[in-house]
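Presented below is the structure to which this report refers.
The values are calculated or read from the model by the stated rules, or taken from the named source; none is laboratory data. Fair warning: this is a prediction, and the values are worked out from it, not measured in the lab. Every residue, glycine among them, receives a Cβ derived from its backbone with ideal geometry; neighbour counts consider all protein chains shown. Surface areas here come from the heavy atoms of the whole protein model, side chains and all, with no ligands, DNA or RNA. Shrake-Rupley method; radii C 1.70, N 1.55, O 1.52, S 1.80 Å.
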Amino acid sequence: MNLAPSRLYLASVAGSSPSDCEGVCARDIEFQPDRRSCKSQFNWKLFQSLSSPNMGKKSRVKTQKSGTGATAVVSPKEMMNLISELLQKCSSAAPSPGKEWEEYIQIRSLVEKIRKKQKGLSVVFDGTREDCFPELMAWAAKSGASCEGFEISNFAEEGYGLKASRDIKADELFLWIPRKMLMTVESAKNSVLGPLYSQDRILQAMGNVTLAFHLLCERANPASFWLPYIKTLPSEYDTPLYYEEEEVQLLQSTQAIQDIFSQYKNTARQYAYFYKVIQTHPNASKLPLKDAFTFDDYRWAVSSVMTRQNQIPTEDGSRVTLALIPLWDMCNHTNGLITTGYNLEDDRCECVALQDYKENEQIYIFYGTRSNAEFVIHNGFFYEDNAHDRVKIKLGVSKSERLYAMKAEVLARAGIPSSSIFALHCSEPPISAQLLAFLRVFCMTEEELKDYLVGDHAINKIFTLGNTEFPVSWENEIKLWTFLETRAALLLKTYKTTSEEDRLLLEKPDLSFHSCVAVKLRLAEKEILERAVSSGRAKRQHFQKQLEEGAPLPRYEESNISLLENSDSDSKLPIILRKLEETEEAAEEEEQEEEAAEQDRDLSMARALAEVQAGEGPEQALLNGDGKALDTTKPEPQQAGDNAENGEGDKPENSEGCKLENGKGDEMENGDSAPHDDDQSAKRTGDEAKDDGN
């Protein structure tokens, strides 16, 4: 598409679950939460998707003080004791394997006690979301956004979205949102939240948490510039933070369950930490949250950010920051390409049409290459036709193996780690070139390894490892496909139900929406594994036949393989491996970077929590004697699902071509972003209409 040179294509900070690290966008431009073409990642590697947004209904906010709906008056001391107990529980060491569910139930029990005592204290708006849409459109038009050619409409199961009011051509620029309409980390710094932000290292390290509090403070301000936008947000979401206990239980054994446990624990921990800060820190005394800061309020804010946040460039284009993008975040997800970017010259987000749209058709955007697990965790929906669905599989060469050094060296020459997270895909073949190369090396004999380590052509043979046309040997192919078949079959046995049982369960008319999403997710995972078993069996039988018939092994000739130009033997990379699906490669890198980032963030959070618990007031933990923030974490590039500290990232290598990935919606793990693999259906990829009068 013809975009001005100054337009940066953004990738969403996807959505991730709330944790102590930053989640990135929701859509593609992309927290990690609303998955749409808008919230995308910058084409600079910094901009990566969060999770796409699954818009649930949002509250029409009006603060209810105790006595106007509260079930009982709770003394400050009683509440603080509960908060301290929750903080201590959420700050304890990780449970031993198999004890995660028990810990989740204990934390959830404490949270429910707190919620019960806070009943009636949350902010609620009068009227419905739909009542507020005209005000949103008028505010957007007055602020310089484009408001012609589309309107907000209800699309049944998909919820609210944008509908074309005229024919729109593919690649046509139909929507733009100026910077002044965006809620960003920068606007938070310049708001009533600024004084606390300047001294709280957790806010400084987690841009998504800062956005959540910015949203809460503005929601409580009747004169807020962003109120027309905030009133149209869903009052509730469909992220796992809103699941009932029995609904979460349906996700046991799925790959999503550990992230869901972490999301809930991190959200509860952050809530308890900031509850103490708001009640005791002098710089929090003027926040409109002091008299009413409930767990439900924080859960709502976290989910709003997790499903909608995206990374955009700062005004000078030197860094990236997190933002909520009004109106654009109404778009729902479909398969396609990222079509939202940031135009630095005009200082606005711009979205071009993904395809031709006829009048009255729904306008979609692409949230990014996310798996259904990521969509469920960070966006709150399952996408039936997800072309990028996958199941993660962790593989590694044992260091105790006799041939470890040789296998590790061959893998290193191919640019593949000896231990990594790979993915089994919903498509055929189920494995990427990179996984094929790993499995070939994993199954090599000592003699086969020598062929790839010694000799004049050894380095060039490395380039064939990911190429299906050049088997190492028929025996090697049989071994690797047998291994894959067996491994996938073993993973299938970890589920407590069969695929057929899940299909029957989905036919029940009384199944709740959340339960339906949970069952669809675990069924989708099983179907991917079943296809991997079937594919592995077929490949194994094929190569067994080749071996039995004495078929000649295809011989490698250097002319068969295209090498990178102007590269020496140490830097050459096989074209086949360079063509790995971007999503899988990014996912693996993110997984590794995420682990390092999480350790840093957990350390920072742990220190802050320890200081809060050790002193009478949080100010002891937040102040550095001279009033400066004690920010010990190192800013990281914003990648799919990761927000850099302070909500900003390093300067992109190329200030042109930044894509907004639609937010992968990496779920705002309240600080922790979920990794994105290669990147969905009862629910629309954004807002789901709920029974709140909409």
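Okay, residues lined up against (1) within 20 Å of Glu548 (Cα to Cα); (2) in a loop (DSSP other than H, G, I, E, B); (3) touching a Lys or Arg at 6+ places or on another chain (Cβ under 8 Å):
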{"position": "Pro430", "(1), (2), (3)": "no, yes, yes"}
{"position": "Leu439", "(1), (2), (3)": "no, no, no"}
{"position": "Met444", "(1), (2), (3)": "yes, yes, yes"}
{"position": "Asp456", "(1), (2), (3)": "no, yes, no"}
{"position": "Glu469", "(1), (2), (3)": "yes, yes, no"}
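The rows are residues; the columns are (1) in contact with a Lys or Arg (Cβ under 7 Å, 6 or more places away or on another chain); (2) within 30 Å of Phe513 (Cα to Cα); (3) at pLDDT 95 or above.
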residue	(1), (2), (3)
Glu151	yes, yes, yes
Leu162	no, yes, yes
Ser165	no, no, yes
Ile168	no, no, yes
Glu172	no, no, yes
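Can we say Ala423 is within 28 Å of the chain's Cα centre (by Cα), among the small types (Gly, Ala, Ser), at pLDDT 95 or above and part of a strand (DSSP E or B)? When the stated conditions are applied, Ala423 passes them. Suppose we filter the range 176-197 for residues that are over 24 Å from the mean Cα position of the chain (by Cα) and assigned to a loop (DSSP other than H, G, I, E, B); how many remain? Within the range 176-197, residues that are over 24 Å from the mean Cα position of the chain (by Cα) and assigned to a loop (DSSP other than H, G, I, E, B) number 4. Can you tell me which residue within the range 360-398, out of those that are farther than 30 Å from Met444 by Cα and small (Gly, Ala, Ser), is most open to solvent (accessible area, probe 1.4 Å)? In this case the residue turns out to be Ala387.
So which of Lys276, Lys231, Lys265 ends up being over 26 Å from the mean Cα position of the chain (by Cα) and more than 30 Å from Glu345 (Cα to Cα)?
Values: Lys231 fails: over 26 Å from the mean Cα position of the chain (by Cα); Lys265 fails: over 26 Å from the mean Cα position of the chain (by Cα).
One residue alone meets the criteria, Lys276.
Within the range 236-261, the only residue that satisfies the criterion of being over 17 Å from Thr307 (Cα atoms) and touching a strand residue (DSSP E or B) at 6+ places or on another chain (Cβ under 9 Å) is Gln255.
Could you tell me whether the range 99-111 includes any residue that is touching a strand residue (DSSP E or B) at 6+ places or on another chain (Cβ under 6 Å) and buried (at least 17 other Cβ atoms within 10 Å of the Cβ)? No, the range 99-111 has no match at all.
For (1) part of a helix (DSSP H, G or I); (2) touching a helix residue (DSSP H, G or I) at 6+ places or on another chain (Cβ under 9 Å); (3) surrounded by fewer than 24 Cβ atoms within 10 Å (Cβ to Cβ), each residue gets a yes or a no:
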| site | (1), (2), (3) |
| --- | --- |
| Gly161 | no, yes, no |
| Arg166 | no, no, yes |
| Asp171 | no, no, yes |
| Phe174 | no, no, yes |
| Gln199 | no, yes, yes |
| Leu203 | yes, yes, no |
| Thr210 | yes, yes, no |
| Pro222 | no, no, yes |
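Scanning the range 522-574 for residues that are at pLDDT below 95, surrounded by 15 or more Cβ atoms within 10 Å (Cβ to Cβ) and of a type outside the set (A, V, I, L, M) yields a count of 3. Look at the range 134-157: where a residue is over 14 Å from Phe225 (Cα atoms) and a partner is assigned to a loop (DSSP other than H, G, I, E, B) and open to solvent by 80 Å² or more (accessible area, probe 1.4 Å), sitting 6+ places away or on another chain with Cβ atoms under 6 Å, you get Gly149/Arg166. Residues in the range 363-386 that are assigned to a loop (DSSP other than H, G, I, E, B), at pLDDT 95 or above and polar (S, T, N, Q): Ser371, Asn386.
Contact map, the range 121-133: residues that are small (Gly, Ala, Ser) paired with residues that are open to solvent by less than 30 Å² (accessible area, probe 1.4 Å) and part of a strand (DSSP E or B), Cβ distance under 9 Å, separation 6+ or inter-chain. Pairs shown: Ser122/Val61; Gly127/Arg60.
Filter the range 121-146 for residues that are part of a loop (DSSP other than H, G, I, E, B) and modelled with pLDDT of 95 or more; which is farthest from Gln355 (Cα to Cα)? Residue satisfying both the conditions and the ranking: Ser143. Of the set (1) surrounded by fewer than 21 Cβ atoms within 10 Å (Cβ to Cβ); (2) of a type outside the set (Lys, Arg); (3) in contact with a strand residue (DSSP E or B) (Cβ under 6 Å, 6 or more places away or on another chain), all apply to Ala405 but (3).
Condition first: β-branched (Val, Ile, Thr), under 21 Å from Met406 (Cβ atoms) and either open to solvent by less than 40 Å² (accessible area, probe 1.4 Å) or part of a helix (DSSP H, G or I) (or both). Can you find one or more residues in the range 498-517 that meet it? Talk me through it step by step, then tell me what you get.
Kept after step one, since they are β-branched (Val, Ile, Thr), are these residues of the range 498-517: 498, 517.
This time we only want the ones that are under 21 Å from Met406 (Cβ atoms), so: none.
Checked the range 498-517: no residue is β-branched (Val, Ile, Thr), under 21 Å from Met406 (Cβ atoms) and either open to solvent by less than 40 Å² (accessible area, probe 1.4 Å) or part of a helix (DSSP H, G or I) (or both).
Residues of the range 459-497 that are farther than 19 Å from Val441 by Cβ and open to solvent by 30 Å² or more (accessible area, probe 1.4 Å): Ala489, Leu490, Leu491, Leu492, Lys493, Thr494, Lys496, Thr497. Look at Lys276 and say whether it is surrounded by fewer than 24 Cβ atoms within 10 Å (Cβ to Cβ), modelled with pLDDT of 95 or more and not hydroxyl-bearing (Ser, Thr, Tyr). Considered against the rule, which asks whether it is surrounded by fewer than 24 Cβ atoms within 10 Å (Cβ to Cβ), modelled with pLDDT of 95 or more and not hydroxyl-bearing (Ser, Thr, Tyr), Lys276 comes out as yes.
Summed over the range 119-140, the residues that are open to solvent by less than 10 Å² (accessible area, probe 1.4 Å) and over 30 Å from the mean Cα position of the chain (by Cα) give a count of 0. Select from the range 337-354 the residues that are under 21 Å from the mean Cα position of the chain (by Cα) and over 18 Å from Glu148 (Cα atoms) and write down the one among them that is most open to solvent (accessible area, probe 1.4 Å). Out of the qualifying residues, it is Leu337.
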